[in-house]
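In what follows, a single structure is set out as structure tokens and then discussed.
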Amino acid sequence: MGKVRVLIVDDSATIRGIISNVLGRDPDIEVVGSAGDPLEARDAIKQLNPDVITLDVEMPKMSGIEFLERIMRLRPMPVLMVSTLTQAGAATSLQALELGAIDCVGKPDFEGLAEKVKAAARARVRSLAQAPRSAPIQNYRPGSKILAIGSSTGGVEALHTLLSTFPANCPPTIITQHMPPTFTASFAARLDKLCAPTVQEATDGAPIVPGRVYLAPGGSAHLEVRGGATPSCRLVEGPPVNGHRPSVDVLFHSVCRTYGRRAVGVILTGMGRDGALGLKAMRESGASTIGQDEASCVVYGMPKAAFELGAVQRQLSLGAIAGAALDSCALEIRGVA
């Protein structure tokens, strides 16, 4: 693969210059052009045929969200959203991720932008024409197991797809999704509205019970599970692990210590290796483990690393993971241990 060709779309000439300088320092990236609004960008896409677009959320003449929706319907391609890391910016960025944007980067530091651009160039992009989501599973009876999920790039849409089939009385579910600090509260609130179970941003000491989904808060701490008469969430300060805080590995290792074989681990789409070692520890302790397959991943990084390490018992498409995970967590009366 040659250099990744990037088109920068932002109404601020200053921001366009900063992004161009950041990307220009990477020998594997070539900035082929820039545009100040979506109308200019439309023409530039036709003329330059970029591999990746960086797209500002707030744009004149047409919003970044509206332009993204048109791109994903008419000419699907990798798009990275550029947003201020505010609550309003987070809500809009989450909408963009659900429309098919690969990832989001924050103004003004653009941390990790070059790596995200290169990952986006390798990502699988789908049009907005998708099959309707399945209805929540009925007559479900949870057992005593916990479900732990790790995800990163592409995880917003993957988690939405997965959780939309969960019943209101789903097994207690703990999730670490790599996200900026201001995003996780908005994401949890959005999932709570769209899914049958109660979805919340995890807080320290929150009891882990069926019918609840706990999302690790971004940025300041790792999410672990604490054992006892009533297991609970634990937020632990500490340095990033595998470059991330919260880290999927930290979550999986804590689930392994606390629940052993009474757990199910799932690793979804994402860049890098976070979660592979923790999932392997879960499998070695007797837990069931599932990895998303390459064909259904936006970025087949984390699931690939876990699979190659021997951490994955079953590799399944995204559409098949919910049923398999729920069956593994159900009462034995359903015929599954």
> Condition test on Thr54, is it free of Cβ contacts under 8 Å to residues at least 40 places away in the same chain and either farther than 30 Å from Ala189 by Cβ or not small (Gly, Ala, Ser) (or both)?
Replying inline: no
> With Ala295, Ala221, Ala276 as the choices, which residue is over 26 Å from Ala101 (Cβ atoms) and among the small types (Gly, Ala, Ser)?
Replying inline: Ala221
>> I need the full set of residues from region 114-163 which are at pLDDT below 95 and hydroxyl-bearing (Ser, Thr, Tyr), in order please.
In response: Ser127, Ser134, Tyr140, Ser144, Thr153, Thr161
> Can you find a residue in region 45-53 that is touching a strand residue (DSSP E or B) at 6+ places or on another chain (Cβ under 9 Å), polar (S, T, N, Q) and buried (at least 16 other Cβ atoms within 10 Å of the Cβ)?
Replying inline: no
> Out of all the residues in region 217-233, is one or more farther than 24 Å from Gly323 by Cα, of a type in the set (A, V, I, L, M) and surrounded by fewer than 18 Cβ atoms within 10 Å (Cβ to Cβ)?
Replying inline: yes
> Among the residues of region 174-189, how many are buried (at least 20 other Cβ atoms within 10 Å of the Cβ), farther than 23 Å from Cys329 by Cβ and either without any contact (Cβ under 8 Å) to a residue 40 or more places away in the chain or in contact with an Asp or Glu (Cβ under 7 Å, 6 or more places away or on another chain) (or both)?
Replying inline: 2
>> If Lys304 meets every condition in (1) surrounded by 19 or more Cβ atoms within 10 Å (Cβ to Cβ); (2) modelled with pLDDT under 95 apart from one, which number is that one?
In response: (2)
>> Checking the structure you have, find out if any residue of region 214-236 is charged (D, E, K, R), assigned by TED's automatic domain parsing to the domain that holds Pro303 and touching an Asp or Glu at 6+ places or on another chain (Cβ under 8 Å).
In response: yes
> What tally of residues in region 216-233 results from selecting those that are touching a residue at least 24 places away in the same chain (Cβ under 8 Å) and under 17 Å from Ala263 (Cα atoms)?
Replying inline: 8
> Of everything in region 73-91 that's touching a strand residue (DSSP E or B) at 6+ places or on another chain (Cβ under 8 Å) and modelled with pLDDT of 85 or more, which residue is farthest from Lys46 (Cα to Cα)?
Replying inline: Val82
> Across region 271-281, what is the number of residues that are surrounded by fewer than 24 Cβ atoms within 10 Å (Cβ to Cβ) and modelled with pLDDT of 95 or more?
Replying inline: 4
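The values are calculated or read from the model by the stated rules, or taken from the named source; none is laboratory data. Quick caveat, the model's predicted, so the values are computed rather than measured. Every residue, glycine as well, gets a Cβ built from its backbone with ideal geometry; the counts of neighbours run over all protein chains shown.
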